[in-house]
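> Pasting in a structure now, in structure tokens, and then I'll have a few things to ask.
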Amino acid sequence: MSIYVYALLVPIASPLVLPLGMERNIELVYSSGLGAIVEPEISLEAIQATDERLLQAVLNHDRVIRELFQQTPLLPLRFGRGFTSQEKLLNHLEKHQEQYLEALTQLADKVEYTLKLTPCDLLDDSDNIDAKGKAYLLAKKQRYQTQQAFQAQQCEQWELLNQLILKTYTNVICETRQSDVRQIHFLAQRNDSTVSTQQFSLWQVQCSHWQLALSEPLPPYHFLKNTLI
């Protein structure tokens, strides 16, 4: 059995509402000015024994972190991190106290957003061309040129969006997923309400050839150093 660790935080005066974990209530463990959100007596092997159990465990891991992040800044840890005893956890926190407190300070007033872009398709009406012979071939050629121009405009809009976001936000990560689906992760101020209103509306206008979807404010998953536990 392991002590499963969800996240690290700086202790706060007001009590937290601790959600249910994977199997039981979660707890707060303190050491050297740090707090750890933990769930005792978790078998890392058991929660990953089947695909179904693994998926449920990952969803619960994310749920716990998000519910707590709504209450206080924290450092979310990767799924599957556990310690064999509370003593080893406390020793680890004490050893890396400076590193974790520095990261918490840097991210204390930040939230992460993910902007997802899915390319729009130009309506293919080539089967409805009412022409024959040379007129048909000309219509097909014009259709091809229109498609090429549409795709070129998509690329231009993607580049423009990158420039707009980089001008506004310092911490930005761009990803291209399968089927040309693209994502932009960025950090914003926790109390900045303009992201989901003015900013998102501007991006939609600038990227008319893309379908845009903006996430809710998230813990800074993509902006943690690899050295975090």
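The values are calculated or read from the model by the stated rules, or taken from the named source; none is laboratory data. The structure displayed is predicted, hence computed values, not measured ones. Here the Cβ is made from the backbone with ideal geometry for all residues, glycine too, and neighbour counts use every protein chain on show.
> For the range 44-52, state whether one or more residues are charged (D, E, K, R), over 15 Å from F79 (Cβ atoms) and either outside the structural domain of N91 (by TED's automatic domain parsing) or without any contact (Cβ under 8 Å) to a residue 24 or more places away in the chain (or both).
Yes - at least one qualifying residue is present in the range 44-52.
> Which of the residues belonging to the range 10-37 are in contact with a helix residue (DSSP H, G or I) (Cβ under 7 Å, 6 or more places away or on another chain) and not in a loop (DSSP other than H, G, I, E, B)?
Once the filter is applied, which keeps residues that are in contact with a helix residue (DSSP H, G or I) (Cβ under 7 Å, 6 or more places away or on another chain) and not in a loop (DSSP other than H, G, I, E, B), the range 10-37 yields V29, S31, L34, A36, I37.
> Still on this model: From the residues in the range 59-72 that are surrounded by 20 or more Cβ atoms within 10 Å (Cβ to Cβ) and of a type outside the set (A, V, I, L, M), which one is nearest to I42 (Cα to Cα)?
Filtering the range 59-72 for residues that are surrounded by 20 or more Cβ atoms within 10 Å (Cβ to Cβ) and of a type outside the set (A, V, I, L, M), the one nearest to I42 (Cα to Cα) comes out as H61.
> Spot the failing condition for S196; the list is (1) at pLDDT 90 or above; (2) part of a helix (DSSP H, G or I); (3) closer than 27 Å to F69 by Cα, and only one is missed.
So the condition that S196 fails would be (1).
> Still on this structure: Please go through the range 38-54 and pick out each residue that is part of a loop (DSSP other than H, G, I, E, B) and surrounded by fewer than 13 Cβ atoms within 10 Å (Cβ to Cβ).
Answer for the range 38-54, where residues must be part of a loop (DSSP other than H, G, I, E, B) and surrounded by fewer than 13 Cβ atoms within 10 Å (Cβ to Cβ): E45, A49, T50.
> So, one more: Out of the range 183-205, which residues are surrounded by 18 or more Cβ atoms within 10 Å (Cβ to Cβ) and either touching a helix residue (DSSP H, G or I) at 6+ places or on another chain (Cβ under 8 Å) or free of Cβ contacts under 8 Å to residues at least 40 places away in the same chain (or both)?
Within the range 183-205, I184, H185, F186, L187, A188, Q199, W203 meet the criteria.
> Could you list, ordered by first residue, the pairs with Cβ atoms under 6 Å in which the first is in the range 84-100 and in the same structural domain as P40 (by TED's automatic domain parsing) and the second is aromatic (F, W, Y), at least 6 apart or interchain?
Note: pairs meeting the criteria are L89/F83.
> So L212 fits all but one of (1) within 12 Å of the chain's Cα centre (by Cα); (2) part of a strand (DSSP E or B); what number is the exception?
Only one criterion is unmet by L212, namely (1).
> Mind telling me which of the residues S208, S179 ends up being loosely packed, with under 13 Cβ neighbours inside 10 Å, modelled with pLDDT of 90 or more and among the polar types (S, T, N, Q)?
Being loosely packed, with under 13 Cβ neighbours inside 10 Å, modelled with pLDDT of 90 or more and among the polar types (S, T, N, Q) holds for just one of S208, S179, which is S208.
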